[in-house]
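The values are calculated or read from the model by the stated rules, or taken from the named source; none is laboratory data. Owing to the predicted nature of the structure, the values given are computational and were not obtained by experimental measurement. So basically every Cβ, Gly included, is an ideal-geometry build from the backbone, and we count neighbours across all protein chains shown. Heads up: the accessible areas ignore ligands, DNA and RNA and are worked out on the full protein's heavy atoms, side chains in. Shrake-Rupley method; radii C 1.70, N 1.55, O 1.52, S 1.80 Å.
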Amino acid sequence: MVYYEIYAGNKGKLTGKSMISLYNMNMEKHWNKKYLSYRELKECGYDLPYSFLMKSYLKVHHALWFRKRLNMEKEYLDRMYNCTDTNIVLDDVQRKVIVCEEDHIFIVAGAGSGKTTTIVAKVKYLIERKKILPECILVITYTNQAVNELKKRFGEMLGASVKVMTFHKFCFDLVQEHDDDYYVCEDDREIVLDAIFEWKQEYQKKYEVLHHFYYVEFELPVDHPQSFLKKCQKFISQFLELGYVLEDFTLWKKRYSSDPSTLIFLDFIEWIYIRYLNILKENDMITFPQMIRNARDILMTQKEKFSYEYVFVDEFQDISKIRYQVIRVLMEKFQVKTICVGDDFQAIYSFAGSDVNFFFEQINYAHGMEVFYIVNTYRNSQQLIKIAGEFIMKNKFQLTKQLRSLKKEKCPITLFPYQGDFIFILRYILKEIYMYDHHAEVLFLGRYQFDEKMLWETELFTKEEEKMQCNLYPTLNISFYTVHQSKGLGFDEVILLNGSKGRYGFPTEVKEDRVDRILRKNGAEEQWWEERRLFYVALTRTKHKVYILYPKYRASAFVKEIQKKKHVETKWNVS
């Protein structure tokens, strides 16, 4: 069914009499033949809000239309992946996504549910069945790794040159068409450092007060990953990504007028931000967030037709305000048809400017949005997704969805408490994995990058040409990633190194400070929700089992919570 927002008013309401008229008008011509999209209904004079009768008519009409279209396309859809992978069988929801003709589609795709398979199949269908030219289709994703994967899949399936690019590349190309007389600043460290130095020279006394405010209040050494320089870089980047403007500094100063310490920082960072922009301009440079802003502004004023008819947007749960505005301009000004894909369970990038609220706003788009839930997962076992699903639904505002899997695993999660040295536990786990599969892909996961140090302290591993190797079992394929880095990836086995309670445990107990709250206004509750989503991502990277290590007397709240679940085992004595 199409999801619509119903609001007050009479325009476009369908009465019983007019419904009979529409029914008679469409029965012969359209019944089971034509998908009645929001846009087409509006062109015929039927606008929101729809009456109960109209919504009922559309529900029945679309159900019958899908049934007939899927029956017509059954052989084509059955054979779609024969040329590349005969093991891939599209499920009923994936098939509906592929044939759906609504202008805007949102695919809520669970972890390991085959979202890439669905995207590629939808593009193939548009080209082969709907005769859309490949150059009229654009696929936007977030990382170069995802771009390369999609390009490879499109090459195998189509041999056609469908445009696939990151959000940055899309905006870079758009801005360059209008002004190519600049360079992209990929690392603004030196610019921010120079601006801070200039401010320090001019306001020495204020600098001493600010230094005390930051390093004493937040108890951070100068070389800490959350150093003052990095804090300034992060503030400026998020300021741009979240769509703020200079006038917001005035509003913040009024809001924090009774907080002298925060006012000192606001005076400082406003000066730094203005100087930062001037340095960029003086050197013909532009940052990535600025580039996205400029792309939005160009689209808003552009008079010529947009190049693409269809735009796919992957990882929509990670979208920021400014990127969301770009997509909405494409939808509303240029009538571009969109296929967005995302999973609210895996929204974990608020620190980089993303806001999961735009995910929900897009799903509830009032002017024609068909929403599909892909719930069959091919990566995780049913036992694991049940544990992970119950865990994530403790959050408020997550979409309710029941993932399903045909895979079974009696104990997909094993907990390993340790005291002191844990090398014997790693030996035990690696031996178990090796006995099961000599060439297994093993992922070591850390909440933080510095968790990797735990591996090198054991002397069980060496690194050759950026690849990790286990000295005991050299045929195992071993990687280390933080949980953030691992999103979108799958491995045979996963070992989570740090299930400890503490400031840098999992969940982290590092609280958002006053500087972070200026921009995001997130409370401790929202931070906790994101940590829960992050733990969900950690659990769902595996095809078989997750092994979790934690100090015996400092188990984190998340470890204690899942420890009580069925199909989770704890091994207390391992030698």
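Output needed for the stretch 327-375: three equivalent-ellipsoid semi-axes, defined as square roots of 5 times the C-alpha gyration tensor eigenvalues, in descending order, whole Å.
Working: eigenvalues 86, 45, 16 Å².
Taking √(5λ) for each Cα gyration eigenvalue gives 21, 15, 9 Å.
If you plug each phi of the stretch 358-373 into the Karplus form 6.51 cos²θ - 1.76 cosθ + 1.60 with θ = phi - 60°, what whole-Hz ³J(HN,Hα) values come out, in order, with x for Gly and Pro?
6, 4, 5, 5, 5, 4, 8, 3, 6, 9, x, 9, 8, 10, 10, 10
Whose amide H sits under 5 Å from the amide H of R404, counting only residues 5 or more places off or on another chain, with H placed in the peptide plane?
Amide H neighbours of R404, under 5 Å, 5+ apart: N376, T377.
Using the beta-carbon distance between F424 and K565 and R0 = 35 Å, what value does 1/(1 + (r/R0)^6) give for FRET efficiency, to the nearest 0.05?
Between F424 and K565 the formula returns 0.85.
Using only the heavy atoms of the protein chains and a 1.4 Å probe, how would D181, D188 rank by accessible area, largest first?
D181, D188
Over what distance in Å are the Cα centres of the stretch 412-444 and the stretch 245-295 separated?
Between the Cα centre of the stretch 412-444 and that of the stretch 245-295, the gap is 48 Å.
For the stretch 531-575 and the stretch 461-486, what is the separation of their C-alpha centers, rounded to whole Å?
That distance is 21 Å.
Under a 5 Å amide H to amide H cut-off, with H placed in plane at 1.01 Å, what residues pair with Y448 once short-range neighbours are removed?
none
Say R0 is 41 Å: what FRET efficiency, to the nearest 0.05, do E361 and R554 get from their beta-carbon distance? Please list the in-between numbers first.
Working: r = 40 Å, r/R0 = 0.97.
Computed FRET efficiency for E361 and R554 comes out at 0.55.
Hey, what does the equivalent ellipsoid look like for the stretch 259-298, semi-axes from the Cα gyration tensor as sqrt of 5 times each eigenvalue, largest first, whole Å?
Semi-axes (√(5λ), whole Å): 26, 13, 6.
Normalised radius of gyration for the stretch 138-195, please: alpha carbon Rg relative to 2.2 N^0.38 Å, two decimal places.
Compactness ratio reported: 1.50.
How much length, in nm to one decimal, is gained on full extension between C136 and W456, taken as 0.36 nm per residue of separation minus their Cα-Cα distance?
Here the segment from C136 to W456 would lengthen by 110.2 nm.
Taking the Cα centre of the chain as origin, sum charge times position over the Cβ atoms of Lys and Arg (+1) and Asp and Glu (-1), and report the length of that vector in debye to the nearest 20. List each step's numbers first, then the result.
Values: 84 positive and 79 negative charges, 581 e Å.
Result for the chain is approximately 2800 debye, rounded to the nearest 20.
Could you work out what % of the accessible surface of the stretch 286-397 is carbon and sulfur, using a 1.4 angstrom probe and leaving DNA, RNA and ligands out of the count?
53
List the GluC sites (Glu not before Pro) in the stretch 463-498 that DSSP assigns to loop (not H, G, I, E or B) and whose Cβ has at most 13 other Cβ atoms within 10 Å. Which are they?
Hits after loop and neighbour filter: E465, E466.
Per residue, how large is the accessible surface of the chain? Use a 1.4 angstrom probe and give square angstrom. Numbers along the way, then the final one.
Values: 27560 Å² over 575 residues.
That works out to 48 Å² per residue.
Each residue of the stretch 342-349 in order: what ³J(HN,Hα) in whole Hz does its phi give by Karplus 6.51 cos²θ - 1.76 cosθ + 1.60, θ = phi - 60°, with x for Gly and Pro?
x, 8, 5, 5, 10, 7, 9, 10
Once Lys and Arg get +1 and Asp and Glu get -1 on their Cβ, which of G342, T143, F391 lies farthest toward the positive end of the dipole of the chain?
Checked the options; the winner is F391.
Stokes-Einstein diffusion coefficient for the stretch 57-176 at 37 °C in a medium of 0.692 mPa s, Rh from the Kirkwood formula over Cα pairs: what value in µm²/s? Write down the numbers at each step before the final one.
Working: Rh = 15.6 Å.
Approximately 210 µm²/s, per Stokes-Einstein.
Under the rule of -39500 (n - 2.57) per DSSP H run of 4 or more residues, summed and divided by the residues of the chain, what mean residue ellipticity at 222 nm is obtained, to the nearest 500 deg cm²/dmol?
-13500 deg cm²/dmol
Below 11 angstrom from the Cβ of K407, what's the summed charge of the other residues (Lys, Arg +1; Asp, Glu -1)? Can you show the working numbers first?
Working: positive: R379, R404, K408, K543; negative: E409.
Residues near K407 contribute +3 overall.
Which percent of the Cα-Cα distances in the stretch 235-326 go past 16 Å? If you can, show how the numbers build up before the last one.
On the way: 2754 of 4186 pairs.
It works out to 66 percent of all Cα pairs.
Let me understand the stretch 429-511 better: what is its radius of gyration from the alpha carbons, and its Dmax, in angstrom?
13.3, 42
If I ignore ligands, DNA and RNA and count only protein heavy atoms, how much of R379 is accessible to a 1.4 Å probe, in Å² to the nearest 10?
Looks like 40 Å² after rounding.
Please report, in cubic angstrom per residue, the volume enclosed by the convex hull of the alpha-carbon atoms of the stretch 330-463.
It comes to 202 Å³ per residue, whole-number rounded.
Around Y418, under 15 Å between beta carbons, what's the net of Lys plus Arg minus Asp minus Glu among the other residues?
Working: positive: R427, K501, K552, R554, K571; negative: D421, D451, E457.
Once positives and negatives cancel, what remains is +2.
Taking Rh as the Kirkwood radius, which is the inverse of the mean 1/r over Cα pairs, what is the Rg/Rh value for the stretch 463-563? Don't skip to the answer; put the middle values down first.
Numbers: Rg = 16.0 Å, Rh = 15.4 Å.
Dividing the radius of gyration by the Kirkwood radius yields 1.04.
Would you work out which of C411, A538, F360 lies farthest towards the positive end of the dipole of the chain, given +1 charges on the beta-carbon of Lys and Arg and -1 on that of Asp and Glu, about the Cα centre?
Farthest towards the positive end: C411.
If you take every residue apart from M468 with its C-beta less than 12 Å away from the C-beta of M468, what net charge results, scoring Lys and Arg +1 and Asp and Glu -1? Show your work: numbers first, answer last.
Numbers: positive: K463, K467; negative: E441, E452, E464, E465, E466.
Once positives and negatives cancel, what remains is -3.
Pairwise over distinct Cα atoms, reciprocal of the mean inverse distance: report the Kirkwood radius of the stretch 362-422 in Å, one decimal place.
Final number for the Kirkwood radius of the stretch 362-422 is 14.6 Å.
Sorting W528, W271 by accessible area (1.4 Å probe), largest first, what list results?
W528, W271
Please enumerate, by chain and number, the aspartates and glutamates with C-alpha under 18 Å from the C-alpha of K305, excluding those fewer than 8 residues away in the same chain.
D103, E135, D173, E177, D297, E332
For G114, enumerate residues with amide H under 5 Å from its amide H, sequence gap 5+ or separate chain, H modeled in the peptide plane.
Correct list: Y378.
Out of the DSSP beta bridges found with both residues in the chain, what percent are antiparallel (nearest 5)? Numbers along the way, then the final one.
Working: 9 of 59 bridges.
Given both bridge residues lie in the chain, the antiparallel proportion sits at roughly 15 percent.
Using the crude model of +1 on Lys and Arg Cβ and -1 on Asp and Glu Cβ, and no other charge, please compute the dipole size for the stretch 53-164 relative to its Cα centre, in debye to 20. Spell out each step's value before the answer.
Values: 19 positive and 13 negative charges, 53 e Å.
About 260 debye.
What are the extents of the Cα atoms of the chain along their three principal axes, in Å, largest first?
76, 64, 44
Which residues does the label zone of H439 cover in the stretch 457-499, counting backbone N under 15 Å from a point 7 Å along Cα→Cβ?
Within reach of a label on H439: 474-478, 492.
Say each of S227 and K467 gets a label point 7 Å from the Cα, pointing the same way as Cα to Cβ; how far apart are those two points in nm?
Taking the two extended label points, one gets 3.4 nm.
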